[in-house]
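For reference, the structure is listed below as structure tokens.
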Amino acid sequence: MATGLMTAVADVGEWVAPTIDFHALAPELILVLGINLVLFIDLSLDEGRKWAMASLSGVVLLAAFIPLVTLALSDSGPRSMFDGRYVVDGYALILKAIFLLVAYVVILMSQTELEEGGYYQGEFYVLMLCSVLGMVMMASARDLVSIFVALELLSIPAYMMAAWRKRDSRSNEAGVKYYILGVFASAILLYGMSFLFGTTGTTKLTDIGASLASTELSGMQVLAIVFIIGGLAFKVSAVPFHSWAPDTYQGAPTPVTAFLSVASKAAGFVALMSIMFLAVLPAARAAEVAEPMLWVLAALTMTVGNLVALRQTNIVRMLAYSSVSQGGFILMPLAVASTGAAGDSAMRAVIVYLLIYAFMNLGAFSVVIAVARRTRSGEISSFGGLFGYAPGLAVLTTVFFASLAGIPPLGGWVAKFNVFKTVIDAGSTSAYVLALIGAVNTVIAAAYYMRVLRQVWMAPAPDGDTAPVKVPAPIGAALGITAIGTLVLGVLPGLVLRFGDLQDLTGAAIGR
């Protein structure tokens with residue numbers, strides 16, 4: 001026994017601590033520090049000075065953005081930690097930048113509403129920063145355990161934010177429905193991950209890919225892939241896992257709805273991309289299981305989302321189903337990523353779409369917030385005559401909704417062009433059919449986006465009141481940021497394509 005104890009002590013003595021790159025981890029460390037700072041200062045302020053929490057949270061996000069710039073300008077290349085399980089490369093940097101930008105705009109959108117409502121301002125921003133921390137971690141996660149931890153870290157605060165209006169039955173319903181279905185989806189995802197770990201003996205994504213490629217695919221591994229895709233399909237609100245989205249989006253506060261429809265959805269796609277490109281696509285047999293499932297999800301998500309959106313009279317529910325359908329377009333490149341020449345451009349197409357979608361969808365929700373402050377209505381008809389009494393808002397509404405429809409020269413057309421080009425480059429019959437389905441759905445989507453613009457430009461004001469709309473400064477700033485992004489990325493497509501031209505993850509995954 002003594003000999004065994006001495007051996008164990010000797011083994012512990014030989015343990016070498018992992019090398020930690022604090023520069024690479026700087027965004028995460030700044031967010032951790034910022035979360036504690038916001039929480040501590042909020043406890044020290046009286047109710048009359050809670051407005052400072054929004055500004056402090058914005059400063060934290062901007063501070064976390066600085067090391068992203070320095071890392072991008074560094075010539076050291078990808079930075080790997082913890083045996084390659086946490087990687088900071090070009091892929092991770094651009095996605096982290098998207099998450100921080102989205103969170104900053106959402107803080108601008110929510111500041112006035114929280115101040116006027118006078119409830120739980122500090123707690124709201126703490127939860128949002130915690131969720132953003134999970135998203136930033138997700139971008140660098142290259143291991144099943146770290147992916148799941150990041151997913152739960154970003155999801156649990158979102159459940160509480162969806163039910164933020166405690167005295168509103170719709171908000172309570174939104175939070176409960178999102179929580180119950182979210183926990184169920186997480187259980188399915190974790191079940192699939194356990195199957196994958198049990199059959200490959202590792203949680204590292206690259207090792208899983210190598211193991212799947214070296215042996216015949218077993219029935220348990222097929223179930224693992226199906227469960228993982230199903231669990232993540234909930235996070236991206238893909239049909240038929242989308243039932244939570246419309247009620248949650250309508251019941252939650254509108255800034256939270258914008259956050260869920262952009263940041264939370266993007267994080268789900270990041271997890272899906274990392275697992276697909278590193279663990280599944282390197283194995284031909286595994287790709288044969290995953291891609292048909294993704295093909296069906298993409299086709300169903302586009303079609304069902306658009307057809308149901310056509311029937312909506314509430315603009316938030318319409319944008320909820322629009323968000324569902326947009327998720328179908330983002331799934332299209334993943335459904336053909338291992339076919340023909342599509343693998344080289346699938347990653348770029350998804351990243352470009354997520355970046356542009358963030359600008360145009362946040363802009364659309366900012367317009368909804370600005371108009372609803374005057375009309376006190378969420379109906380599409382409440383946008384009637386907007387050009388007559390708020391021409392600036394009418395122009396911005398046109399920019400965002402026309403971009404969502406994919407009309408040049410706005411950013412949306414660049415996003416959709418890249419998606420269709422990637423699918424067509426695959427060169428298979430199934431890819432051509434998916435492109436055709438996408439084209440038909442683009443036309444269908446244009447119908448309900450144009451219905452809103454028809455109200456803005458052609459219909460009279462519903463109450464005959466043409467008093468101007470007073471847009472608070474934070475919402476005006478959010479509108480300005482999103483409008484500039486939507487216009488610039490459409491007029492200068494080379495700019496966004498250069499941001500999206502990140503082959504670190506793809507090259508490592510599929511050997512190109």
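FYI, it's all coordinate maths here, none of it is from the lab. In this text the structure is predicted, and so the values were computed from the model without any measurement. Positions of Cβ are generated from backbone atoms using ideal geometry, with glycine treated the same way; all protein chains shown enter the neighbour counts.
What the table shows:
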read-out: Label-to-label distance, nm, for residues given as ILE424 and MET220 (7 Å Cα→Cβ offset); value: 4.5
read-out: Extended-chain gain in nm, criterion 0.36 nm per residue less alpha-carbon gap, TYR191 and SER74; value: 38.2 nm
read-out: Burial ranking of peptide ranges 178-189, 403-414 (average Cβ count within 10 Å, highest at the top); value: 403-414, 178-189
read-out: Relative contact order [Cα under 8 Å, 6+ residues apart], the chain, whole percent; value: 15
read-out: Fewest-first ranking of SER211, SER323, using other Cβ atoms within 10 Å as the exposure measure; value: SER211, SER323
read-out: For GLU379, residues with placed amide H under 5 Å, excluding near neighbours; value: ILE315
read-out: Two-site label geometry, VAL32 and SER243: point separation in nm, points 7 Å out along Cα→Cβ; value: 4.0
read-out: Neighbourhood charge, 13 Å Cβ-Cβ cut-off, centred on ILE225 and excluding it, Lys, Arg +1 and Asp, Glu -1; value: -1
read-out: For the stretch 326-478, alpha-carbon Rg relative to the globular expectation (2.2 N^0.38 Å, N residues); value: 1.22
read-out: Proximal lysines to LYS177, defined as alpha-carbon separation beneath 16 angstrom and excluding residues fewer than eight positions away on the same chain; value: LYS166, LYS235
read-out: Residues GLU288, GLU379, sorted so that the one with the fewest Cβ neighbours within 10 Å comes first; value: GLU288, GLU379
read-out: Computed FRET value (nearest 0.05) for ALA447 with THR19, which takes r as the C-beta separation and R₀ as 51 Å; value: 0.40
read-out: Net charge contributed by nearby residues that have their C-beta within less than 13 Å of ILE20 (K/R +1, D/E -1); value: -1
read-out: Proximal charge balance of ALA266 [Cβ under 14 Å; K/R count +1, D/E count -1]; value: +3
read-out: Residue exposure sequence - VAL256, VAL236 - by fewest surrounding Cβ within 10 Å; value: VAL236, VAL256
read-out: Simple spin-label estimate for ALA63 and LEU436 in nanometres, 7 Å along Cα-Cβ; value: 5.7
read-out: Under the Karplus curve 6.51 cos²θ - 1.76 cosθ + 1.60, θ = phi - 60°, whole-Hz ³J(HN,Hα) for the stretch 147-155, x wherever Gly or Pro sits; value: 5, 5, 4, 4, 5, 6, 5, 7, 7
